[in-house]
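Reading through the structure tokens given below for one structure.
The values are calculated or read from the model by the stated rules, or taken from the named source; none is laboratory data. Small disclaimer: the values here were computed from a predicted structure and weren't measured. Every residue, glycine among them, receives a Cβ derived from its backbone with ideal geometry; neighbour counts consider all protein chains shown.
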Amino acid sequence: MLQAIRDKAQGWVAWVIVGLISVPFALWGVQEYLGVGSEPPIATVDGLEISERQVDSRFQDYRQNLRERLGAAYQPGIFDEEAMKREVLEEIINESVILQASLDMGLRAGDIMVKEMILAQEAFQKDGRFDRESYERNLRMQGQSSSSFEERVRRFLLSNQLSIAIINSELVTEREMSEVIRLVLQKREVAYFVIPAAKYISEESISDGDIRSYYDANREQFRAKEQVKLEYLRLDSSTINPLIEVPSEDQLLAYYEAHKEEKKQNEQRRASHILIAVEDSIDDAAARQQIININEKIKAGTSFETLAKEYSQDPGSAEEGGDLGYIDHGIMDKAFEDALFSMQQDEVSEPVRSEFGYHLIKMTGFRGGEIKPFSEVRDEIETDFRSSEVERLFFDYVERLSDHAFESPDSLEPAAEALGIKVQTTEWLNRDSRSGLFSSTKVNGAAFSEDVLEQGNNSELIEITPDDVIVVRVLEHKTPSIQPLSDVKLRIEDSLRIQRAEEGASKAAEADLVRLRSGETVDQVAAGMDVERPGLVGRNNPMVPRLLSDKLFKQSKGDGSRFGVAKLENGDQVVFELISVIDGTMADIEDEQLSRERDNLQQMRGRDYYDRLVQDLRSRADVTLNQ
């Protein structure tokens, strides 16, 4: 049973789910499930205490994530903080219940799982590979140690094993898939014409009474946006580069000596191999015994090349006596590569197990691997040296900026003076601003956060990119206010003209619909307007406007109700006739799409079953709310 659950918690779908939520959850949302602190618990779950500190910390994370997701649409005033905190507490209680159930079932997250997840996170990578400095820097910025972070990742993985296993274990029958495909691939034939709203635009003057009525009924439309003017300190490579002195020859030589191994020419080794694959037709033990027998023949004097042609199961190299040509580091399976690069000329390895099976490897040549002299790489050394100095000084300045901004939360001047950089200011910005600094939603979110906007504090250090950071504070603030009627009168006149034009187009469409239902044809009713006949179309056909497509695929197939009207985004009205409906069949779908649709249905059902499991576990748990 436990092994089945572990098996279900593996594979690409599992890791896609984990990947989508891992970094934000692990860095900002994983709580100390088992740590309770000294304050009285706010809740207890099967004896496990949840502190108010945990809830407050998770609430701040939740609000920050919400701010980043909503961007300019985020407005703190529209959210009920107490209700949000109750939701956060409920979430922590559910997680605690799931964690305890997982532990009771004997599920565990091993060191390899933790390592693989951390190595896969882009936040910890540089040039597509895991970078320890990036990893440690991210943890320092979050105030975490590597051991505590790894333990949190372990608990996160443990808690998610159960959900992934259940979500991925749901089955879908062929009959169910057939019904899904019938609807997903359904096509409908349509004929339609468009009644443009612009046709009904009137230039007649609009009375002051109508303008005043519209203003009074829609005052919130005329609320001036909240604005801030910021001051900020920014650190990037352009700030640091001028601070780097021209290096001396001694400095460059010392750097060369410390890094000359990096200046090696690429070492390549030529290899031949004999492969006995491990597959359905041969198990591991049989393959190993076969490769041992071949190795004995080599030791007895039989030519490696001859045996490769006779026994090797690698079709690409067997006919060439097993020759693979020259091989770089990082190309082959790690076990294969480790063996090859540790061998001497013409040496034959002992059996090596890779993901493909068992190999005998012969090292037949090598080239490269020499360290380039200083004279050849001096320019590269100087570039590398300057880059390393910029990086070193940058992170030194980053830590100092963070410290000073925190120690003097009501001003950026102490940090600016200590670092020798200038405080800069912005123009007036609102939540919709998407240029300059506000092209980063992180800066936007911080500027309008409670701590910065309402409390008047410096923001935390904001990482725009790995080598571009900023701290902001609000210099001036304009609250939202209703604009006077005199300022928006022309806007209201335009809105009323558009509104009346859309009403005119809608009345015309309804009248045309009556004529269609009375027996006239689309061409007769269109009366000179272009009639579009795109033929059979699917649900997402770009030839059909989206809102028309939505209405078309909800339309009944019956004769009496095959006509309809759809309103487009620009206010135009579309009058249409549903001519025919062709259902999709299993024969119409490619294997890849069928697999994708099956996965979607399985995931949807699995999530529903998992939610029911959580409800059941919660109902049977001993949960005490103290506040």
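Take the residues in region 307-341 that are small (Gly, Ala, Ser) and in a loop (DSSP other than H, G, I, E, B), then tell me which one is surrounded by the fewest Cβ atoms within 10 Å (Cβ to Cβ). Only one residue fits best here, namely Gly330. Across region 557-599, the qualifying residues are those that are free of Cβ contacts under 8 Å to residues at least 12 places away in the same chain and assigned by TED's automatic domain parsing to the domain that holds Phe193, and the one among them that is farthest from Met529 (Cα to Cα) is Gly558.
Which of the residues spanning region 415-433 are surrounded by 14 or more Cβ atoms within 10 Å (Cβ to Cβ) and over 20 Å from Arg223 (Cα atoms)? Listed by number, the residues that qualify are Ala415, Ala416, Ala418, Leu419, Ile421, Val423, Gln424, Thr426. Residues in region 572-627 that are in a loop (DSSP other than H, G, I, E, B) and acidic (Asp, Glu): Asp572, Asp583, Glu590, Asp622.
Output yes when any residue across region 465-488 is modelled with pLDDT of 90 or more and on the phi > 0 side of the Ramachandran plot, and no when none is. Scanning region 465-488, I find no residue that is modelled with pLDDT of 90 or more and on the phi > 0 side of the Ramachandran plot, so the answer is no.
Of the residues Gly606, Gly564, only one is among the small types (Gly, Ala, Ser) and within 19 Å of Ala526 (Cβ to Cβ); which? Break it down into steps so the answer makes sense when it comes.
Values: Gly606 fails: within 19 Å of Ala526 (Cβ to Cβ).
When all the criteria are applied, what remains is Gly564.
The residues of region 342-353 that are out of contact with any His (no Cβ under 7 Å at 6 or more places or on another chain) and either assigned to a strand (DSSP E or B) or under 13 Å from Ile327 (Cβ atoms) (or both), listed by number, are Met343, Val348, Arg353.
Here Ser375 meets each of (1) in contact (Cβ under 8 Å) with a residue 24 or more places away in the chain; (2) closer than 30 Å to Leu253 by Cβ with one exception, condition (1). The residue pairs whose first member lies in region 492-503 and is hydroxyl-bearing (Ser, Thr, Tyr), whose second member is surrounded by 16 or more Cβ atoms within 10 Å (Cβ to Cβ), and whose beta carbons are closer than 8 Å, counting only pairs six or more residues apart or on different chains, are Ser495/Tyr214.
Does at least one position in region 474-485 carry a residue that is of a type in the set (Ser, Thr, Tyr), surrounded by fewer than 18 Cβ atoms within 10 Å (Cβ to Cβ) and part of a helix (DSSP H, G or I)? Don't jump to the end; show me each part of the working.
First, pick out the residues of region 474-485 that are of a type in the set (Ser, Thr, Tyr): 479, 481.
Those still in the list that are surrounded by fewer than 18 Cβ atoms within 10 Å (Cβ to Cβ) too: 479, 481.
From the residues that got through so far, the ones that are part of a helix (DSSP H, G or I) too are none.
No, that holds for no residue.
Do you know which of the residues in region 191-238 that are of a type in the set (Lys, Arg) and either out of contact with any Leu (no Cβ under 7 Å at 6 or more places or on another chain) or outside any strand (DSSP E or B) (or both) is nearest to Ala405 (Cα to Cα)? Residue satisfying both the conditions and the ranking: Arg234.
Evaluate region 152-168: report whether one residue or more is among the charged types (D, E, K, R) and free of Cβ contacts under 8 Å to residues at least 12 places away in the same chain. Walk me through it before giving the result.
Initially, region 152-168 is screened for residues among the charged types (D, E, K, R), giving 152, 154-155.
If we keep only those that are free of Cβ contacts under 8 Å to residues at least 12 places away in the same chain as well, we get none.
Taking every residue of region 152-168 in turn, none turns out to be among the charged types (D, E, K, R) and free of Cβ contacts under 8 Å to residues at least 12 places away in the same chain.
Yes/no matrix, rows are residues, columns are (1) surrounded by 13 or more Cβ atoms within 10 Å (Cβ to Cβ); (2) farther than 21 Å from Ile582 by Cβ; (3) over 29 Å from the mean Cα position of the chain (by Cα):
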position: Ala165; (1), (2), (3): yes, yes, no
position: Asn168; (1), (2), (3): yes, yes, no
position: Arg188; (1), (2), (3): yes, no, yes
position: Ala197; (1), (2), (3): yes, yes, yes
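Of everything listed in (1) closer than 30 Å to Val452 by Cα; (2) loosely packed, with under 14 Cβ neighbours inside 10 Å, the single unmet condition for Gly528 is (1).
So which helices (runs of 4 or more DSSP H) stay within region 69-186 end to end and still have 2 or more residues that are under 22 Å from Val55 (Cβ atoms), at pLDDT below 85 and not hydrophobic (A, V, I, L, M, F, W, C)? Write out each step before concluding.
On the way: elements: 81-104, 111-120, 132-141, 146-167, 174-184.
Hits in region 69-186: 81-104, 146-167.
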